[in-house]
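Structure first, then comments.
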Amino acid sequence: MKWQWRSVGLVWAFAVVCSVLTGTLAAPGRSLVWIGLSLAGCTIGTLSIQLATGQKEGYVHRVTLSLVGAVVVLAAATGIFALAGLL
């Protein structure tokens, strides 16, 4: 079970890295585009990681946890970028 949480946490960590890179490297006003691309990358990464495990038990649960976590991280980053844009 421990490796299953690692596969989920890996996607969450990737979402955090994408958020930080978007915040530091994206042009002003273009961060929403990069957040969308980050979510697409998280989705592809999730499916790749979970298929690579070769375990069909709990597949849907692991994919759901990975993607919901990534969406929460990227939504929080979007909120931070929106607030920073108001200042």
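The values are calculated or read from the model by the stated rules, or taken from the named source; none is laboratory data. Since we're looking at a predicted model, the values are computed, not measured. In this analysis, Cβ positions are derived from the backbone assuming ideal geometry, glycine residues included, and neighbour counts consider all displayed protein chains. The area values use the complete protein model at the heavy-atom level, side chains included, leaving out ligands, DNA and RNA. Shrake-Rupley method; radii C 1.70, N 1.55, O 1.52, S 1.80 Å.
Per-structure values
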read-out: Single unsatisfied condition, Leu10 versus (1) surrounded by 11 or more Cβ atoms within 10 Å (Cβ to Cβ); (2) not in a helix (DSSP H, G or I); value: (2)
read-out: Leading residue by the ranking (nearest to Leu21 (Cα to Cα)) among those in the range 58-74 that are open to solvent by less than 60 Å² (accessible area, probe 1.4 Å) and free of Cβ contacts under 8 Å to residues at least 60 places away in the same chain; value: Leu74
read-out: Residues that are open to solvent by 70 Å² or more (accessible area, probe 1.4 Å) and assigned to a helix (DSSP H, G or I), drawn from the range 75-87; value: Ile80, Leu83, Leu86
read-out: Subset of the range 18-69 that is among the hydroxyl-bearing types (Ser, Thr, Tyr) and closer than 25 Å to Phe81 by Cα - its residue that is farthest from the chain's Cα centre (by Cα); value: Thr24
read-out: Cβ pairs under 7 Å, 6+ apart, first in the range 5-25 and more than 14 Å from Leu74 (Cα to Cα), second open to solvent by 20 Å² or more (accessible area, probe 1.4 Å); value: Ser7/Ile49; Ser7/Thr53; Val8/Leu65; Leu10/Ile49
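For every residue, the table says whether it meets (1) of a type in the set (A, V, I, L, M, F, W, C); (2) surrounded by fewer than 18 Cβ atoms within 10 Å (Cβ to Cβ); (3) outside any helix (DSSP H, G or I).
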position	(1), (2), (3)
Trp5	yes, yes, no
Cys18	yes, no, no
Gly23	no, yes, no
Gly41	no, yes, no
Ser48	no, yes, no
Leu51	yes, yes, no
Lys56	no, yes, yes
